[in-house]
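S.K.: Dumping the structure here so I can ask a few things about it.
The values are calculated or read from the model by the stated rules, or taken from the named source; none is laboratory data. These figures come from a predicted structure and were not determined experimentally. Here the Cβ positions follow ideal geometry from the backbone for every residue, glycine too, while neighbour counts run over all protein chains shown. Note: areas computed on protein heavy atoms with side chains; ligands, DNA, RNA excluded. Shrake-Rupley method; radii C 1.70, N 1.55, O 1.52, S 1.80 Å.
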Amino acid sequence: MLWFPQLPSWIRWPSHSTTRHVLYGIIIGFSLSLTSTSLALYYQTRKRQKIAEKFTPRPIELRIDEVVSGVTGLIGNTPLVRINSLSDALGVEILGKAEFLNPGGSVKDRVALRMINDAERLGLLRRHTGSRIFEGTVGSTGISIATIARAK
């Protein structure tokens, strides 16, 4: 006979049928969890294999012979970079634009170039006349504006 500790009167041990049902629930829940995880991994592996069969690697094309016009010609001509972790996890090609390779080191270089070009087009700025640009920032936008204004 099993020994059970003396419990307060308001606590009772569950009946045998309740214990059996709880145990069955735990076993069924664990087996369903294990089965669904196995199926998900199987289908994910199968999907990756199908994608790998269709994928044909392309050589990276370098634009060595392309000559750009000054610093402003470099803006926006940044490479695309494959993000391996996301591409592998999702089974699709995820690419990121490497805007940090712009001359000012930021995506704000595009904004600054557009601002300066628009100001020149509207006649608010004129080259080689000592025109001034005032921007109330100390962040990457200001750095980009200063870099591009100096280069033009």
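S.K.: For region 68-75, does any single residue satisfy the condition of being open to solvent by 80 Å² or more (accessible area, probe 1.4 Å), closer than 16 Å to A149 by Cα and without any contact (Cβ under 8 Å) to a residue 12 or more places away in the chain? So that I can check it myself, show each step before the final result.
M.R.: Of all residues in region 68-75, those open to solvent by 80 Å² or more (accessible area, probe 1.4 Å) come to 69, 74.
Restricting the remaining residues to those that are closer than 16 Å to A149 by Cα gives 69, 74.
Still in the running and without any contact (Cβ under 8 Å) to a residue 12 or more places away in the chain: 69.
Scanning region 68-75 turns up at least one residue that is open to solvent by 80 Å² or more (accessible area, probe 1.4 Å), closer than 16 Å to A149 by Cα and without any contact (Cβ under 8 Å) to a residue 12 or more places away in the chain.
S.K.: Related question: In region 34-50, what residues are open to solvent by 70 Å² or more (accessible area, probe 1.4 Å) and either touching an Asp or Glu at 6+ places or on another chain (Cβ under 9 Å) or of a type in the set (A, V, I, L, M) (or both)?
M.R.: Residues satisfying the conditions are L34, L39, L41, R48.
S.K.: Out of (1) out of contact with any helix residue (DSSP H, G or I) (no Cβ under 9 Å at 6 or more places or on another chain); (2) under 28 Å from R150 (Cβ atoms); (3) not hydrophobic (A, V, I, L, M, F, W, C), the odd one out for N84 is which?
M.R.: Single failed check for N84: (2).
S.K.: Moving on to the next point. Could you check I28 against (1) modelled with pLDDT of 95 or more; (2) outside any helix (DSSP H, G or I) and say which number it fails?
M.R.: Exception for I28: condition (2).
S.K.: On to the next question. Can you tell me which residue is modelled with the highest pLDDT among those in region 93-152 that are within 30 Å of K47 (Cβ to Cβ) and open to solvent by less than 40 Å² (accessible area, probe 1.4 Å)?
M.R.: If we take residues in region 93-152 being within 30 Å of K47 (Cβ to Cβ) and open to solvent by less than 40 Å² (accessible area, probe 1.4 Å), then G96 is modelled with the highest pLDDT.
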